[in-house]
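Take a look at the structure below.
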């Protein structure tokens, strides 16, 4: 089946989530995404759970496997000058380049935009590091945990009387790839129309801060510093999580419920059978409910504690209310809506076996995302890419192998 | 120079979950027209307000997420309003919408009708659960979609309920996903000549932020657990967010080639302050592997690092981190972000002018773009968020409506 990026080749340097998840969007729509990797400096996701003697070694990393499905891997030792030369030929041959090393790494190899663009005037290239390529703190090193802290998400997530926790999954690692895919695709679209290339410098921290514009504007306009507020809302009450009957094996189960306005509240009161605590006229307005929110949450919890969370969510939705069962990660694989949308697909990996991988959240009327292969083993596609795509001679390829360049 | 999306015409029918998408497209140079019901979007009347003034044009959420847009009022639930919207859609490249599935179709403005009128049009629907499927007609909002995504289950302290961010993270994720879709559909349209309907679900969009662990639960059996300020390794639980003298810092005891040099320098920093034990100073960091640490070893390390952090402020720690490449960061607020030297050097914040002559400092470009000659294709806030109906006449005239047509529509109450 023909897809949007069937003719596109992306060369990828770097690792983790922030860079590689971005190129997955393109790979899922037909692009050939080639990761340049090495055994000397493996992607840190390949090392996340690594211990000496691990069966499958660097290819046994589940994180890497899930995030890099549909891609290819070329092994190049960048500590060898011949390796750098091969990487440069790939860079000039590919349609675009994505990298998320610390600033300066690409330049050290002569693979930075300023150098490459002299030989490839219409080059499209994106760099995605924590703080951007310029400024006094550009070399500050960090992963998503630091990005989440510096962009303000940590401070805003958690309970007001406790330390901040940050959204699970270090959020700049999931926001950045979306920015990067958007920016890269828009630059490619522009190139098809104008013939001009572009260099994109995406700072993961800045992307996160733009998302939190509401917090920044509240400070600029009114001097207000937004704080953690648990699950409560400034505009709605009750708005939170309510513990339900535990799972038979003892696991906690929770319901999320958002009562957005006074009409919702009236519906909820009827749903509950108009108990004495709920019919008080003072609770009919959002201000009244906010004033008694502690007590309200206690009363509601006493009810939900005896209920099955999934059944209760279904009944509340049937009554027209905004409610959902809290899914744990295992529950997602049985979620009717995710199944309907084909969120998870299966791929066959030489070390990990048959395993799920995810598709993105956009369904296209003509060109849906397709999962067609598992993540590559380190260097799995070196011969194919160099010999068949780059059309390197057999003798040169052999000599690179003999010199230990391709590992 | 023009932005990457300059020349792209967008009709933005969204409510709050989609505000951010239109803003990003506008910041990239697209011509974004916000279409609101005559009374205005409800978010205009939701506090807090700039200076505490609730006049429909000063709500913080509105001002923050509707930059780079013009605004018209148009009641598309009336037949004359629907026809006017179809006429606008005939000249547009993109429609963004967040109605419950079926609502636009019932008004004669569904994908089929829009596609028939303008085959090149790209329609992006952002909803909590998606256009079809068993939950398509469910209500949903930030709290409930994150609850259903697995992300909430894993966020927060183990002894309390799962907990969310004070701002609606799923709306940002979903809007970014919509923007990816728009750019992909524009590329696709170059090949096929046709637009597509994109069905974005906030629920799905919040599964990816679990960073592979949703898929991995099938492989490892790990259904996810809340660890609060901690992180679960295979053999131990390790602190990730630490109290310091005046707040909190994010720091991990994890190793690997990218992290070990920073750990070594952190110990030097502690030693300069007389707070590194002999055991820490003589540790063989080359052999350090966080996956092999026992809980007792983690606790011993944590006691030393934790005691040291408590003697330093967030600013002291971050200054040292920038100087010495230490992988540690303060959990900062809007106040510190507004004062950042790094952001100032990149001219990240801009003063956005407002019609009354005042201005506000707002976050600007989400990336810097340059071409080979050093010329930029700027991403920037093109204009302040629009006042209610500010551009109704301007946009309608520009799109070919005569003065008589506009007068007639206004008399019928279609324009408010």
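Miscellaneous remarks
- Every condition in (1) exposed (fewer than 14 other Cβ atoms within 10 Å of the Cβ); (2) farther than 26 Å from residue A:158 by Cα holds for residue A:302 except the one numbered (2).
- Filtered residues of region B:220-237 (kept if modelled with pLDDT of 90 or more and either assigned to a loop (DSSP other than H, G, I, E, B) or within 23 Å of residue A:149 (Cα to Cα) (or both)): B:221, B:222, B:223, B:224, B:225, B:226
- Odd one out for residue B:243, checked against (1) crowded, with 21+ Cβ neighbours inside 10 Å; (2) in contact (Cβ under 8 Å) with a residue 24 or more places away in the chain; (3) in contact with a strand residue (DSSP E or B) (Cβ under 9 Å, 6 or more places away or on another chain): (1)
- The residue that is surrounded by the fewest Cβ atoms within 10 Å (Cβ to Cβ), counting only those in region A:229-239 that are in contact with a helix residue (DSSP H, G or I) (Cβ under 8 Å, 6 or more places away or on another chain) and within 7 Å of another protein chain (Cβ to nearest Cβ), is A:235.
- When residue A:98 is tested against (1) within 27 Å of the chain's Cα centre (by Cα); (2) within 30 Å of residue B:266 (Cβ to Cβ), just one condition goes unmet, and that condition is (2).
- Considering region A:125-158, the residues that are at the interface with chain B (Cβ under 8 Å from one of its Cβ atoms), within 20 Å of the chain's Cα centre (by Cα) and in a loop (DSSP other than H, G, I, E, B) include one that is surrounded by the fewest Cβ atoms within 10 Å (Cβ to Cβ), namely A:141.
- Consider region B:367-416 and keep the residues that are surrounded by 15 or more Cβ atoms within 10 Å (Cβ to Cβ) and at positive phi. The one that is farthest from the chain's Cα centre (by Cα) is B:416.
- One residue stands out among those in region A:327-370 that are more than 9 Å from every other protein chain (Cβ to nearest Cβ) and closer than 26 Å to residue B:178 by Cβ: the one that is surrounded by the most Cβ atoms within 10 Å (Cβ to Cβ), which is A:369.
- Only listed residue being over 20 Å from residue B:156 (Cβ atoms) and in a loop (DSSP other than H, G, I, E, B), chosen from B:261, B:257: B:257
- Pick from region B:21-64, criterion touching a helix residue (DSSP H, G or I) at 6+ places or on another chain (Cβ under 8 Å), within 11 Å of another protein chain (Cβ to nearest Cβ) and in a loop (DSSP other than H, G, I, E, B), ranking: surrounded by the fewest Cβ atoms within 10 Å (Cβ to Cβ): B:47
- One residue alone among A:357, A:374 is closer than 21 Å to residue B:224 by Cα, outside any helix (DSSP H, G or I) and in contact with a strand residue (DSSP E or B) (Cβ under 6 Å, 6 or more places away or on another chain), and that residue is A:357.
- Whichever residue in region A:19-58 is within 21 Å of the chain's Cα centre (by Cα) and without any contact (Cβ under 8 Å) to a residue 24 or more places away in the chain and, among such residues, is farthest from the other protein chains (Cβ to nearest Cβ): A:48
- In region B:191-204, the residue that is nearest to residue B:152 (Cα to Cα) out of those that are more than 7 Å from chain A (Cβ to nearest Cβ) and surrounded by 24 or more Cβ atoms within 10 Å (Cβ to Cβ) is B:202.
- Only listed residue being closer than 30 Å to residue B:159 by Cβ, over 21 Å from the mean Cα position of the chain (by Cα) and without any contact (Cβ under 8 Å) to a residue 60 or more places away in the chain, chosen from A:112, A:161: A:161
- Residues of region B:281-315 that are within 13 Å of residue B:270 (Cα to Cα), without any contact (Cβ under 8 Å) to a residue 60 or more places away in the chain and surrounded by 14 or more Cβ atoms within 10 Å (Cβ to Cβ): B:301, B:304, B:308.
Quick grid of which residues meet (1) closer than 27 Å to residue B:151 by Cβ; (2) free of Cβ contacts under 8 Å to residues at least 40 places away in the same chain:
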{"position": "A:226", "(1), (2)": "yes, no"}
{"position": "A:247", "(1), (2)": "yes, yes"}
{"position": "A:250", "(1), (2)": "yes, yes"}
{"position": "A:253", "(1), (2)": "yes, no"}
{"position": "A:277", "(1), (2)": "no, yes"}
{"position": "A:298", "(1), (2)": "yes, yes"}
{"position": "A:309", "(1), (2)": "yes, no"}
{"position": "A:317", "(1), (2)": "yes, yes"}
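- Any chance residue A:250 is farther than 22 Å from residue B:46 by Cβ, within 14 Å of chain B (Cβ to nearest Cβ), out of contact with any helix residue (DSSP H, G or I) (no Cβ under 6 Å at 6 or more places or on another chain) and at pLDDT below 95: yes
The values are calculated or read from the model by the stated rules, or taken from the named source; none is laboratory data. These figures come from a predicted structure and were not determined experimentally. Because the Cβ atoms are built from the backbone with ideal geometry, glycine has one as well, and the counts that use them run over all protein chains shown.
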